[in-house]
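In what follows, a structure is listed as structure tokens, so that the remarks can point back to it.
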Amino acid sequence: MNVKRMFAVPGHSTWGDVALLLLRLVGGAALMLHGWGKIQHPFNWMGPEATVPGILQALAAISEFGGGLAWILGLLTPLASLGIAITMAVAFSFHTFVLHDPFVAGGPGQGASEPAALYLMVALVLMTIGPGRFSADRQIFGPR
């Protein structure tokens, strides 16, 4: 499969493309804010007691901050979404099975798996139906 075909953007209705743009803008901005603190110290944002290797912490920081930026721009969207989906699947599993957090937080400052699940679903949507025509991918790689 050639690269241009892989990143070419499927056609949707105008309103569908507007909805994808809004989803990318809001989801991307939220993900960038979520990853901002992590990207400041990418190899040790989990703290000195973390059992997760620094390289995996850095990959998570890059996928959240860089992936959020990619969503906003609609640039290399399937690739960014794959990285985000993997990161969020791990985060969801960690919150659910390791920390035993509820799906929705019981109060301020409490953990939950809900944000990871939501970002994972957005990533899957953007991986499967693309970023829409109002994206850098469409300008660079064209329509499918």
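A few notes on this one:
- Check on residue 33, open to solvent by 70 Å² or more (accessible area, probe 1.4 Å), without any contact (Cβ under 8 Å) to a residue 40 or more places away in the chain and in a helix (DSSP H, G or I): yes
- Reported count of residues in region 70-104, each being in contact with a His (Cβ under 6 Å, 6 or more places away or on another chain) and at pLDDT 95 or above, is 0.
- Against the conditions (1) farther than 30 Å from residue 17 by Cβ; (2) crowded, with 17+ Cβ neighbours inside 10 Å, residue 65 satisfies every one except (1).
- Within region 36-51, being open to solvent by less than 50 Å² (accessible area, probe 1.4 Å) and without any contact (Cβ under 8 Å) to a residue 12 or more places away in the chain holds for 37, 47, 50.
- Sole exception among (1) open to solvent by less than 80 Å² (accessible area, probe 1.4 Å); (2) at pLDDT 95 or above; (3) of a type outside the set (A, V, I, L, M, F, W, C) for residue 107, by number: (2)
- If the condition is being touching a helix residue (DSSP H, G or I) at 6+ places or on another chain (Cβ under 9 Å) and either free of Cβ contacts under 8 Å to residues at least 60 places away in the same chain or among the acidic types (Asp, Glu) (or both), then region 18-29 contributes 25, 28, 29.
- Output for region 2-17, where each listed residue is more than 19 Å from the chain's Cα centre (by Cα) and assigned to a helix (DSSP H, G or I): 3, 4, 5, 14, 15, 16
- Residue check for residue 7: surrounded by 13 or more Cβ atoms within 10 Å (Cβ to Cβ), more than 21 Å from residue 115 (Cα to Cα) and out of contact with any strand residue (DSSP E or B) (no Cβ under 9 Å at 6 or more places or on another chain): yes
- Test: residue 19 is among the hydrophobic types (A, V, I, L, M, F, W, C) and open to solvent by less than 50 Å² (accessible area, probe 1.4 Å): no
- Residues that are part of a loop (DSSP other than H, G, I, E, B), in contact with a Leu (Cβ under 9 Å, 6 or more places away or on another chain) and touching a residue at least 24 places away in the same chain (Cβ under 8 Å) within region 93-144 comprise 130, 131, 132, 133, 134, 135, listed in sequence order.
- For region 1-21, the set of residues classified as within 16 Å of residue 81 (Cα to Cα) and modelled with pLDDT of 90 or more consists of 20, 21, listed by residue number.
- Single match in 47, 37, 27 (criterion: within 10 Å of the chain's Cα centre (by Cα) and not hydroxyl-bearing (Ser, Thr, Tyr)): 27
The values are calculated or read from the model by the stated rules, or taken from the named source; none is laboratory data. This structure is a prediction, so every number in the text was calculated from the model and none was measured. All Cβ positions, even for glycine, are placed from backbone atoms using ideal geometry, and neighbour counts span all protein chains on display. The protein model used for the area step is the full one, side chains on, heavy atoms only, and it has no ligands, DNA or RNA in it. Shrake-Rupley method; radii C 1.70, N 1.55, O 1.52, S 1.80 Å.
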